Amino acid sequence: MKPRVAVFSFTGCEGCSLAILECENELLGVLNLVDIVRWREAMSETTEDIDIALVDGSISTHAGVKRIKKIREMSKLVIAIGACAHTGGLNAMKNKYGMGEVKEVVYGPDGAEFDTIPARPVSAVVPVEFALPGCPIDREEFLRAIKELCMGKMPKLPNYPVCVECKRKENVCVFFKGQFCMGPVIRAGCGAICPSFGEGCEGCRGFIDNPNKNAHQEVLAEFGLTAQEVMNHFSMFNSYKESEV
Ligand code: SF4
Ligand code: SF4
Ligand code: SF4
């Protein structure tokens, strides 16, 4: 029997679940491996009998906490997809302000009515078997991961920094142009796409394991930086993580 897969969205732009829909050429192949049984963006049926739950978005409401706990109960595997679900993503930037202030700025005087709590990655609320990084997820990485999950294998991510892919592409380092880049401490796998287009990496794939040890030391040395300085520099995608390192 094929694994029963469901897709759920929480706080985010739903770009990661859309990225699955955009795997147009490969989607039929995926459907040979799995049965999609629940997906608000693509179908109206619902079920609570789920083997693999793919979850995008961060958990940032009381209702979201309740819902993700229910999804955990009805699913054999919970896979976080995308930066919001993996690290808390952009949404966690609000965590450094009081929730009263956040609600007032966003919703005005009626803000108190809204259900908003500090944004958390899915793994901060329920156990997660695997997280696929990126904003949005990389389609090829997703397809590889879903095939491995169907074969009963846990997918593996690169544990080396974006700089390695960037160097392989022979890009000019953006530090030479006076820009900043998180590449020395961020997990590779995106093909260093941002530096390849002349922009610094903003860290959407999250930190590599043990950045102080595994950072691209050659680049850090060249620009007189430490891994910690790079990690402190940007909080766009890693505010939640930063509060823990
Ligand atoms: S990770 Fe990025 S693309 Fe995915 S849901 Fe969050 S904001 Fe959207
Ligand atoms: S710091 Fe950024 S631009 Fe420089 S080599 Fe590393 S990934 Fe490339
Ligand atoms: S280069 Fe950095 S910001 Fe750009 S996709 Fe890769 S990890 Fe994300």
- Query: Can you name the residue in the range 129-174 that is within 16 Å of ligand 1 (Cβ to nearest atom), part of a loop (DSSP other than H, G, I, E, B) and out of contact with any helix residue (DSSP H, G or I) (no Cβ under 7 Å at 6 or more places or on another chain) and is also nearest to residue 186 (Cα to Cα) among such residues?
  - Reply: 157
- In this structure, does residue 147 turn out to be more than 17 Å from residue 209 (Cα to Cα), away from ligand 3 (no atom under 15 Å from the Cβ) and surrounded by fewer than 17 Cβ atoms within 10 Å (Cβ to Cβ)? yes
- When the residues of the range 73-86 are filtered to those that are over 18 Å from the mean Cα position of the chain (by Cα) and either part of a helix (DSSP H, G or I) or hydrophobic (A, V, I, L, M, F, W, C) (or both), which remaining residue is surrounded by the most Cβ atoms within 10 Å (Cβ to Cβ)? 74
- Message: Condition (residue is within 16 Å of ligand 1 (Cβ to nearest atom), surrounded by 21 or more Cβ atoms within 10 Å (Cβ to Cβ) and part of a strand (DSSP E or B)) applied to the range 184-203: is it met by at least one residue?
- Response: yes
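Every residue, every condition in (1) without any contact (Cβ under 8 Å) to a residue 60 or more places away in the chain; (2) more than 14 Å from residue 84 (Cα to Cα); (3) not assigned by TED's automatic domain parsing to the domain that holds residue 66; (4) not β-branched (Val, Ile, Thr), yes or no:
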| position | (1), (2), (3), (4) |
| --- | --- |
| 114 | yes, yes, no, yes |
| 117 | yes, yes, no, no |
| 122 | no, no, no, no |
| 127 | yes, yes, no, yes |
| 134 | no, no, no, yes |
| 140 | yes, yes, no, yes |
| 145 | no, yes, no, yes |
| 155 | yes, yes, yes, yes |
| 169 | yes, yes, yes, yes |
- Item | Close pairs (6 angstrom Cβ cut-off, 6 or more residues apart or separate chains): within 16 Å of ligand 3 (Cβ to nearest atom) in the range 9-26, among the charged types (D, E, K, R) anywhere | 12/56; 16/56; 19/139
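The values are calculated or read from the model by the stated rules, or taken from the named source; none is laboratory data. Since the model is a prediction, treat every value here as computed from it, not as a measurement. Note that we place each Cβ from the backbone using ideal geometry, even for glycine, and neighbour counts take in every protein chain shown.
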